[in-house]
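Please treat every number below as a calculation from the coordinates, not as lab data. This one's a predicted model, so the numbers in the text were calculated from it and none came from an experiment. Here Cβ is always computed from backbone atoms with ideal geometry, including for glycine, and neighbour counts include all displayed protein chains.
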Amino acid sequence: MSDGVSRRQFGFLVTAAAGAATLAACSSTPAGATPPPAPTHALGPVRQIAAGDLDVGYVDAGPRDGQPVILLHGWPYDIHSYADVTAILAGQGFRVIVPFLRGFGSTRFLSDRTARNGQQAALARDVIALMDALDIPAAILGGYDWGGRTANVVAALWPQRCTALVAVSGYIIVNREANLAPLAPQAEYSWWYQYYFATERGERGYRSNTADFNKLIWRNASPLWHFDDSTYDLSAAAFTNPDHTDIVIHNYRWRLSLAEGEARYDDDERRLAAMPAITVPTITISSDFDGPAKNGAAYRKLYTGPYQHRVLDGIGHNVPQEAPRDFASAIADATRQK
């Protein structure tokens, strides 16, 4: 799960709040209907393709000559977050690609010798490798949680590959140095699972109780979403991936500087640590999960291209599954901004 109010964002929320009223591009969008308990559409067949370090499992829907959209899920979720969004966008003529991230579903490492690395640059390079394998020069990128961070990283480092960006929770690129600074107690309490994962007990506990653990996260992150057990079970199948726990534990330990990444990503991470501006057309979305950062003020200055911010009240963390029409509308609108 993403940090919502990240450690970096928390540090300048106080000063940013004073300028919130001047956010010219900020709009408050009602979520509309109650979050649906189950998807109303089924995803198409999962295909496999060799891309970079991975054999990637992905869904490819809509016309092959449609404008490409790549939708990236988070933790502890999977591609089924986008079942309804995919159907909506494919019906509008978009080509929609929804991959399992490394450590999820049918995505596998091609080599046993490859590090089971969950750092942000590795996940972003996975997206570029997938685009290359599918011969997609550029795409609209959308995501939430890990997927939102990954989409932001691609847009920041390789803007030529990103036609437009839709990012839930805004600019959540990790700065590990900033993450070393402590937060107020209530904010620290919100990230209890990150500290649990930092321990040997936490790793063993997650490995032993993955399905129950992740169901608890779903409930806590989206308290107004009364999802069906069958809905959860669709996604829970993705957590049986043999690399799942290794990737999850490394991701959170890496963020807290308790585990190192790979040297091949050092240049990417140095660039990201400088908090590069994102220049591509962007729509950010916030929900109840984002708490004090809901108005988007903390990260507005980091998006320097055409920009909108949309607020979804009554929606939790899994925005595309809880508010699929709102998310799909943001994807369709992202390239139309001026």
### Query
Which of (1) among the small types (G, A, S); (2) crowded, with 22+ Cβ neighbours inside 10 Å; (3) touching a Gly at 6+ places or on another chain (Cβ under 8 Å) does A328 not meet, given it meets every other one?
(3)
### Of the criteria (1) more than 30 Å from T34 (Cα to Cα); (2) without any contact (Cβ under 8 Å) to a residue 12 or more places away in the chain; (3) loosely packed, with under 14 Cβ neighbours inside 10 Å, which one G205 fails
(3)
### Restricting the range 224-263 to residues that are touching a residue at least 24 places away in the same chain (Cβ under 8 Å) and among the acidic types (D, E), the residue that is farthest from N117 (Cα to Cα)
D228
### Query
Quick one: which of A178, A198, A238, A167 is under 19 Å from Y252 (Cβ atoms), touching a Gly at 6+ places or on another chain (Cβ under 6 Å) and not acidic (D, E)?
A238
### Task
Kindly indicate which of G148, G142, G170 is under 11 Å from the mean Cα position of the chain (by Cα) and over 18 Å from A293 (Cβ atoms).
G142
### Task
Using the structure shown, decide if A133 is farther than 30 Å from R300 by Cβ, of a type in the set (A, V, I, L, M), in contact with a Gly (Cβ under 7 Å, 6 or more places away or on another chain) and surrounded by 15 or more Cβ atoms within 10 Å (Cβ to Cβ).
no
### Query
Of all the helices (runs of 4 or more DSSP H) wholly in the range 190-240, which have at least 1 residues that are acidic (D, E)?
200-208, 210-221, 229-236
